[in-house]
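Asker: The structure that follows is given in the form of structure tokens.
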Amino acid sequence: MINYAKRGFANEEILLDWNEIAQEHGYVHVGTCRISPDHRYLAYTIDITGEERFLLQVKDLQTRTTIPTLRVEGVYVVDANNPKDSLRKVHDRVSGVQFFLEHHRGFFYILTNLHVGDEKESLDGSYYLARCCVEDVQSANWENSSNTQTSDYRMILAIQFYITTFRMHKVIAPTKGTNIQDMDVFYDHLVLYLNKDDSPMICSIKMPIQPNDKKKMEIDALDPWFFPMPSNSCSVNPGSNHDFMNSVYRVVLSSPVMPDLVVDYDMSTRTFSIVHQEDVLGISSKAQKNEAHEWINVSSSYFCERKEVVSHDGTIVPLTILYSHKAHKMGQSAGIIHGYGSYGEILEKSWSAERLSLLDRGWVVAFADVRGGAGSDPSWHKNGSGLHKLNSINDFISCGNYLINEGYVHKDQLGAIGHSAGGLLVAAAINMHPDLFRAAILKVPFLDICNTLLDPSLPLTVLDYEEFGNPQIKSHFDSIMKYSPYDNINKGICYPAMLLTASFHDSRVGVWEAAKYVSRIREQTCSTCSGSVILKTNMSGGHFGEGGRTGQCEELAYEYAFLM
């Protein structure tokens, strides 16, 4: 960080030295950093174990020391008008429960999946928006909200239709099939990120909200403004929106056929303006008009379509398919399918100019939103994790077969790519159907899952019990052993050509996982396969590969060369 002088720049001043912290603890991951208004203190969160459990610390920038009494573990709040008052804990940590708090005019708006009150129906992990007075944010009031008379706990927005009463305040529900993903609060507006039928949406609602105590309210009753967006938008991310008093909200939109687009939405006038869109040279594009505004996409040259694939158990799995109008040849083209399917995370499908290199050669690029990843509601993640992990693998196999059976990809020209837990997905699918794929790229893959989860000293192991199960429990062990890539390699069977990458400084997936897997592949499969398996180890990078634009381009060029 740099001090700004009145004229020009002053000398650089290091406010927080990550290397110094790493020397003390051996591992460091700094999360959020904030400077106090008087520039005296630096507040930051830090993980020193690799378990992604962050501590809040405050550093005095004048004395260059960390204030020991302010070291806090957990989500706490403090009154900014009385910063010397003690911190108040919002709620004790609960396994599988998350809280996201925003303060607004004496209330906390809380986005959470916490099961509260005496209702017998479960929210099934779905997120809802609640409201409580600042004075009633303590844990005890939450836990007894339906029995005590002191707490003004109000359910504001819920995912499903529940007419459960909390302190005589009924649930306000959006329309069926809509899921709340995130929120942002400003002085005059509440911004909600929604998912409706697997499509992203954003709306703003005027603040403050006045709940109706007598009857159920729906989100449509709050006069929401749904932000106009391109019809083919797949990726919606917030821009820089730090001004609490501002009524203009910035969003970055993107899709496989639309370069990144920065849009400002004026929530007061309910109008929008395009700030910037990434230029794409050398290809034809067309403008999509909306309210006298234009956003550019390249759908005249590249086609992006969404298909519904029937999986092994009848579940419909979304599959996004991208190809060139000019270069693609039905039944003859090569293709690559991406998958992840873990932690409820969204499979990235935003714009990538580098991807055009494959498309212009006639390749098909597909994205399989298998169970275990993000979906229309949290059950999509639940049904592809833990004891249900095989569902995500079968979903991926079904999507691969669909690309071949429908003629998008030649039957001997399908490749697969998986990163981290996505590597587990791809490798497990290869074990189950090695003849389906011609090539695969496994980037820092999680492959030796059983042995890793049996070692609680490794980073993320304990946290991964919720995602994959605890192999020390017999039923979990049996489930894991059905799909563990390292433990299910077929002897004597021909495997596809594979490129595996590992990083020596990877704190999430051990560098040895890919090495062990490659060694066993070469030992147990046919002699031809062993020569087509490449292990590429980065001795300086971490879990997310090379830093910097040049390093990322070189890494991607190597992968494309391997595929071709």
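The values are calculated or read from the model by the stated rules, or taken from the named source; none is laboratory data. Not measured: the values here are computed from a predicted model. Glycine also receives a Cβ, built like all others from the backbone with ideal geometry; neighbour counts cover every protein chain displayed. Remember, those area values only see protein heavy atoms, side chains included, never the ligands or the DNA or RNA. Shrake-Rupley method; radii C 1.70, N 1.55, O 1.52, S 1.80 Å.
Asker: How many percent of the accessible area of segment 383-473 is carbon or sulfur, using a 1.4 Å probe?
Answerer: On the way: 1440 of 2930 Å².
Using a 1.4 Å probe with all protein chains present, segment 383-473 comes out at 49 percent carbon and sulfur.
Asker: Using the Cα atoms of segment 294-345 to build a convex hull, what is its mean projected area in square nanometres? Intermediate results must be reported in sequence, preceding the final value.
Answerer: Working: hull surface 23.6 nm².
Computed as one quarter of the Cα hull surface, the answer is 5.9 nm².
Asker: Suppose the chain between F244 and D85 were pulled fully straight at 0.36 nm per residue; how much longer would it get relative to their current alpha carbon spacing? List each step's numbers first, then the result.
Answerer: On the way: separation 159, 0.36 × 159 = 57.24 nm, distance 2.32 nm.
Computed gain between F244 and D85 is 54.9 nm.
Asker: State whether segment 443-529 is rounded, prolate or oblate according to the following rule on the C-alpha gyration tensor (a ≥ b ≥ c being the square roots of its eigenvalues): a/c under 1.5 gives rounded; otherwise a/b larger than b/c gives prolate, and the remaining case gives oblate. Each step should come with its number before you reach the end.
Answerer: Numbers: a/c = 2.83, a/b = 1.41, b/c = 2.01.
It is oblate, given that a/c is not under 1.5 and a/b is not larger than b/c.
Asker: Strictly over 28 Å apart at the Cα level, which of K389/K516; K326/K536; K89/K349; K326/K443 would you flag in this model? Provide the component values of the computation, followed by the final result.
Answerer: Details: K389/K516 22 Å; K326/K536 34 Å; K89/K349 38 Å; K326/K443 31 Å.
Correct reply: K326/K536; K89/K349; K326/K443.
Asker: Here's a follow-up. Accessible area, 1.4 Å probe, largest first: how do V78, V236, V426 sort? Mind dumping the intermediate values first?
Answerer: Details: V78 70, V236 25, V426 0 Å².
Result, largest first: V78, V236, V426.
Asker: Next question. Computed FRET efficiency, Cβ-Cβ of Q210 and H543, R0 51 Å: what is it to the nearest 0.05? Before the final figure, lay out the partial values.
Answerer: On the way: r = 46 Å, r/R0 = 0.90.
It comes out at approximately 0.65.
Asker: Keeping every protein chain present and rolling a 1.4 Å probe, give me the accessible area per residue for segment 452-517 in Å².
Answerer: Numbers: 2940 Å² over 66 residues.
With all protein chains present, segment 452-517 gives 45 Å² per residue.
Asker: Rounded, prolate or oblate: pick one for segment 336-437, where a ≥ b ≥ c are the square roots of the eigenvalues of its C-alpha gyration tensor, a/c under 1.5 means rounded, and failing that, prolate if a/b is larger than b/c, else oblate. Write out the running numbers ahead of the final one.
Answerer: Numbers: a/c = 2.08, a/b = 1.38, b/c = 1.50.
Oblate, since a/c reaches 1.5 and b/c is not below a/b.
Asker: With the crude spin-label approximation of a point 7 Å out along Cα→Cβ, what separation in nm comes out for E13 versus K176?
Answerer: 6.0
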